[in-house]
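Undergrad: My structure is below; once you've seen it, I'll send some questions.
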Amino acid sequence: MLAGCGMSVNKAEDVGLTTSSVATPAPDTQMASDQSIIRNAVSATDLQSVGQGGVSWANTDTGSRGAISSISEYAESNSGLTCRKFVVSRESYNGVSLYDGDACLVNGGAWQLRAFKSM
């Protein structure tokens, strides 16, 4: 009845076409780099000489900078590890953020960032 509608159907799959795909987000390498700089600044800070302005930090690789404030040292109750709790600001190309962090002195004398969450 519909003689004018003729169409050829190719049953081969077109593997070059992708629809409704979502790219996997790349890890935030700038944040990881900034966290390393912040961890080093927290661990190197002389708590006796920290003023009310805190400790400034800057990462020349990412262009980020900020200030670490409210640094306090404590011994973790479970393990006895020496830890430092802190608040840090981060100014980056994405804006200004405030984070709550925690770093501890682990075996071998290296500081490890154990918590770093947005406030």
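The values are calculated or read from the model by the stated rules, or taken from the named source; none is laboratory data. Source: prediction; values computed, not measured. Glycine also receives a Cβ, built like all others from the backbone with ideal geometry; neighbour counts cover every protein chain displayed.
Undergrad: State all residues of region 67-112 that are among the β-branched types (Val, Ile, Thr) and under 21 Å from residue 52 (Cβ atoms); if no residue qualifies, say none.
TA: Narrowing region 67-112 to residues among the β-branched types (Val, Ile, Thr): 68, 71, 82, 87-88, 96, 106.
Result: 68, 71, 87, 88, 96.
Undergrad: Output the residue which, of all residues in region 68-119 that are among the charged types (D, E, K, R) and out of contact with any Ser or Thr (no Cβ under 9 Å at 6 or more places or on another chain), is farthest from residue 29 (Cα to Cα).
TA: 102
Undergrad: Assuming residue 98 fulfils every condition listed in (1) of a type outside the set (Gly, Ala, Ser); (2) at pLDDT 95 or above; (3) surrounded by 14 or more Cβ atoms within 10 Å (Cβ to Cβ) apart from one, which condition is it?
TA: Condition not satisfied by residue 98: (3).
Undergrad: For region 44-66, enumerate the residues that are of a type in the set (Gly, Ala, Ser) and surrounded by 16 or more Cβ atoms within 10 Å (Cβ to Cβ).
TA: Step one: of region 44-66, the residues of a type in the set (Gly, Ala, Ser) are 44, 49, 51, 53-54, 56, 58, 63-64, 66.
Within region 44-66, 54, 64, 66 meet the criteria.
Undergrad: Just a yes or no: is a residue in region 83-99 in contact (Cβ under 8 Å) with a residue 24 or more places away in the chain, in a strand (DSSP E or B) and polar (S, T, N, Q)?
TA: Checked region 83-99: at least one residue is in contact (Cβ under 8 Å) with a residue 24 or more places away in the chain, in a strand (DSSP E or B) and polar (S, T, N, Q).
Undergrad: Can you go through 9, 22, 50, 15 and tell me which one is modelled with pLDDT under 90, within 26 Å of residue 110 (Cβ to Cβ), more than 16 Å from the chain's Cα centre (by Cα) and in a loop (DSSP other than H, G, I, E, B)? Reasoning before the result, please.
TA: On the way: 9 fails: within 26 Å of residue 110 (Cβ to Cβ); 22 fails: within 26 Å of residue 110 (Cβ to Cβ); 15 fails: within 26 Å of residue 110 (Cβ to Cβ).
It is 50.
Undergrad: Name the residues in region 63-92 that are more than 22 Å from residue 118 (Cα to Cα) and β-branched (Val, Ile, Thr), would you?
TA: The one that is more than 22 Å from residue 118 (Cα to Cα) and β-branched (Val, Ile, Thr): 82.
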